Amino acid sequence: MKKMYLLLALLLGMTGALSAQNGAFNDFIEHHRREPGFTYAFLSKEVFEVVSKTTVEDKDWKKLHNVVQQIGSLSILAADSLTEGRALYKEARRLVPTDAVDEVLTVRDGLTDVRIWAREEEGIISDMVLLVGSPEEFVLICFSGAIDLGNLSELAALFDAETAQDLARASAAVAPAFRISPNPSSGPITLTLEEEQDAPRRISVTDQNGRQVLNQPLEAVSTQNIDLSGLPSGLYWLQLETEKGKIGVKQLQLIPR
């Protein structure tokens, strides 16, 4: 499989124009993630910690952990064997808020284009967009956290399209099987853990800007009701942690009553 860099979009703490683009990137991901050939996953900090400590075939995830000082979340969209990879690249490039970030790297490697835009303070990147496109492959990672500006080249060298897909699959392997219903919801939801030998421990909810808006313990029962009516309508990430240390994340849409 052809090696590629990754497309990274640091989304935590985005304000102004960058915050507005956050929704545009989310719409882009939602539009493509269920299409044939695409692999998608959302990893919270806790999920990434579990994945990076697994004995799954090493893909330099521990090295990534060292480069990324304070990961917030990692949203992966990857595809290979495409016929329109460059068209996807151009579509995503139009979503980059160039008035809020500075271009720090441009690379053309054969038919592969790589661009990095970043906003940094005192050598630490807080917001970044790394965009890659080739005729056959495309990778997008929306990534919140802190990265040392001096490690940009090392970070880019850690990944290829196959690694992104393997990381997404590894996150699924450590996740518990659970359901949220209804989804969309006006607030009240029922959470059901489908693994009989495990029990829920804690739930947390994060909004699209990477802010944690709920963090509470759960009863050790497989099915329980949770009321999120106090949250504004919109898209959220609901994370479930179990007593056995499994962690899974699902997207939840809250709609007006």
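Read-outs throughout are calculated quantities, based only on the coordinates presented, and are distinct from any laboratory measurement. Quick caveat, the model's predicted, so the values are computed rather than measured. We place every Cβ from the backbone using ideal geometry, glycine too, and count neighbours over all the protein chains shown.
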Notebook entry, point to check: Which order do 218, 240, 105 fall in if you start with the one that has the fewest other Cβ atoms within 10 Å?
Noted result: 105, 218, 240
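Counting Lys and Arg as +1 and Asp and Glu as -1, what is the net charge of the other residues whose Cβ lies under 9 Å from the Cβ of residue 131?
On the way: positive: 93, 115; negative: 113.
Net charge around residue 131: +1.
Return the percentage of antiparallel bridges among DSSP beta bridges fully within segment 178-254, rounded to the nearest 5 %. Please report the intermediate quantities before stating the final value.
Details: 29 of 30 bridges.
Rounded to the nearest five, the antiparallel share is 95 percent.
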Margin query: Let me understand segment 178-254 better: what is its radius of gyration from the alpha carbons, and its Dmax, in angstrom?
Written below: 11.7, 35
Notebook entry, point to check: Which of 226, 116 comes first, and how do the rest follow, when ranked by fewest Cβ neighbours within 10 Å?
Noted result: 226, 116
Check: Order of 237, 117 from fewest to most other C-beta atoms within 10 Å?
Finding: 237, 117
Note to self: Could you work out the relative contact order of segment 178-254? I mean the mean sequence separation of Cα pairs under 8 Å and 6+ apart, divided by the number of residues, in percent.
What the structure shows: 35
Checklist line | Built amide H within the under 5 Å cut-off of residue 117, gap 5+ | finding: 104, 129, 130, 131
Note to self: Between residue 49 and residue 250, what's the calculated FRET efficiency when r is the beta-carbon distance and R0 is 22 Å? Round to 0.05.
What the structure shows: 0.75
